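The values are calculated or read from the model by the stated rules, or taken from the named source; none is laboratory data. In this text, all values refer to a predicted model and were calculated from it rather than measured experimentally. Because the Cβ atoms are built from the backbone with ideal geometry, glycine has one as well, and the counts that use them run over all protein chains shown. Ligands, DNA and RNA are excluded from the accessible area calculation, which covers all protein heavy atoms including side chains. Shrake-Rupley method; radii C 1.70, N 1.55, O 1.52, S 1.80 Å.
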Amino acid sequence: MKKLYTIFALSAASIAFSQIQKVEPAFWWKGMKNPELQILVYGKNIAKNEIELSDGVQVKDIQKVENPNYVFVTVNTNEINVPKFKINIKNGKKNIDSYTYELKQRNPNSANRESFTSNDVMYLIMPDRFANGDEKNDSSPSLIEKANRNLPNGRHGGDLRGIINNLDYIQNLGATAVWLTPVNEDNEKVYSYHGYAQTDLYKIDERYGTNEEYKELSQKLNKRNMKLVMDYVTNHWGISHWMIKDLPTKDWIHWFSDGENGFKRSNYKTTAQFDTNASEIDKKIALDGWFDTTMPDINQKNPLVLKYLTQNAIWWIEYAELGGFRVDTYPYNNKEAMAKWAKAITDEYPKFNIVGEAWLYTSAHISAWQKDSKIGEAANYNSNLPSVMDFTLYSEMPKALKEKEGWDTGMNRIYNSFTSDFLYPDINNILVFFENHDTERWNEIFNNDPKAYKLGLTLISTVRGIPQIYYGSEVGMRGDKNKGGDADIRRDFPGGWKSDKVNAFNPANQTTEQKEFYQFTQKLLNWRKGKEVIHTGKTKNFVPQNNVFVYFRYNEKETVMVVLNNNEKDENLDLKRFAESLNGFSKGQDVISDKEFSLNNNLTVPAKTSMVIELKK
Ligand code: CA
């Protein structure tokens, strides 16, 4: 980290013109619940000058820090009655530079905008790998890494336009929320396509498009009653971020006096957060260690940092009319600061959903991160985080489907994972999935067996929570993380590039194999769209027998029976055991085949097959 100190020292010592180089947020809105706005003004030695606001706008506070290139100006937007005012940089009476600051009116509907819920199915996209809708932006003169589709870890040219062009495909599939991995500028030299080492938190990476195109995507989704979910990263920024290269304060990021140039890698043991017996050193390295060499660990305890992250998050929600956040590496952050962050956001947008990536393996640890958790309460903590991810189910699913039944193997694994549901304060608001952009692909694990895919998809689409699927699996995409690394689980979607031989975006062009995956997904997810009984209904589990798991979803209006046969042979179920849920019903209709049948005696379930049955009187 010696390098960063040197840059810092040089800029502090250089003679300045004190011109404004950046103002963040570049504009803001009147009508926020919290009227206070902190404006960052950046320029060489800017703090050595006076700051004056025009039109009688009062400065509530000016904060200068150890780096004179920064000034933080706080105003009260309730007291400002002009749509624009000037931030003047003055040296004595001489005006050196000025910036016209705009205060827009907040969208009157934004506070009540719908966010993703268990009514939705979330479709996860890596934008660089989905569809190239604009070949002109594949490379940008101002950004280092240029497009090269031959490099597995390179930039392939996918972009926002490619997603906008394929909204019919996503909607017809039955997904209603779209989570994009980060699309803000990531100007690292290599391996920049994943976007998690952001270099500008207010700017869409030019290789994905513009801020306007991002907003266009969100608005076009909203018109379809769909939602755009931003992947937000509070834990780390890219090492090439302009503020990291010229730190406002030394404690903007975490350093280790005994680390290599100040750097120490996280031990990734974030279970320390709720381990009452954790040692201080382990906890410190987990939380303050860096996620990677290119990702300095952000210090959310610094109030200026927290304010920056909070305003940036609100800026994107208001500007782009977002329908939710997925937040990266949640337990790596300072948890008290993050509780304030989540509260500030949900105070402005009460329905706004935020799902934190708490990649932990017990329901106790995961649920502790959900708002109003009793485990959190016991630790005098409330995260204010509405939603978490069901990593317990995720880790049990592939094992279960490959096993024969035993006391705690086969379908018992899945059943067992649901028996801890009581730990979650809001069980409907958890993300359920069997893969994402960081995991092995499901179709790789099961060698593209459509039966395994259908079992997995049936499960995540009919249990409590918000199903999340990962682009391409719906047409049988595979990729081997063990052999090919992350690049292999993030292959290009077939048909996203003009030169692609097969265009799977057009169902008519899909191969026979692709069709089998796609048609099942489309049928099931579109059925789910209108099913309140699945979105918010209750659940009744029957302990697996003979490796067959049966559960019911029910409410006052409806009952749905789900049967998952994990055996290599057909199973003949005696229905008497399910009488408490079947009582009053005589028939059932399978939602995939549309076939209706009697439920009087037995039910034959084919090998490795799921059935989703609507019960009828
Ligand atoms: Ca492009």
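Potential lengthening of the chain between Asn211 and Thr536 amounts to 113.5 nm, from the contour at 0.36 nm per residue minus the alpha-carbon distance.
Scanning residues 5 or more positions from Lys227 or on other chains, those with amide H under 5 Å from its amide H are Ala177, Val178, with H placed 1.01 Å from N in the peptide plane.
Apolar share of the accessible surface for the chain: 49 percent from carbon plus sulfur atoms, 1.4 Å probe. Comparing Thr100, Val591, Val475 along the charge dipole axis of the chain, the residue lying farthest to the positive side is Thr100, per the Cβ-charge model. Taking amide H atoms as placed 1.01 Å from N in the peptide plane, the amide H of Trp237 lies under 5 Å from those of Ile298, each 5 or more residues away in sequence or on another chain. If only the Cβ of Lys and Arg carry +1 and only the Cβ of Asp and Glu carry -1, the dipole of region 54-199 around its Cα centre is close to 600 debye. In this structure, the amide hydrogen of Ile466, modeled 1.01 Å from its nitrogen in the peptide plane, lies closer than 5 angstrom to those of Ile430, Leu431, Val432, counting only residues at least 5 positions away or on a different chain. Computed 3J(HN,Hα) for region 415-425, one whole-Hz value per residue from the Karplus formula 6.51 cos²θ - 1.76 cosθ + 1.60 where θ = phi - 60°, is 4, 4, 5, 6, 6, 9, 4, 4, 6, 7, x, glycine and proline marked x. Taking the centroid of alpha carbons for each part, region 346-389 and region 447-495 are 26 Å apart.
Sequence-ordered 3J(HN,Hα) estimates for region 556-573 from the Karplus curve with 6.51, -1.76 and 1.60 and θ = phi - 60° stand at 5, 9, 8, 9, 10, 9, 10, 10, 10, 9, 9, 9, 7, 10, 5, 10, 9, 8 Hz, glycine and proline given as x. Each residue of region 432-439 was assigned a 3J(HN,Hα) from its phi angle through the Karplus curve 6.51 cos²θ - 1.76 cosθ + 1.60 (θ = phi - 60°); the sequence is 10, 7, 10, 6, 8, 6, 10, 10 Hz, with glycine and proline shown as x. Solvent-accessible surface of the chain, taken per residue with a 1.4 Å probe and all protein chains present: 40 Å². Across every pair of different alpha-carbon atoms, what Kirkwood hydrodynamic radius in Å does region 30-155 reach? The Cα-based Kirkwood calculation yields 19.1 Å. Cα axis of helix 211-223 to longest principal axis of the chain: angle in degrees, 0 to 90, nearest 10? Computed tilt is about 30 degrees.
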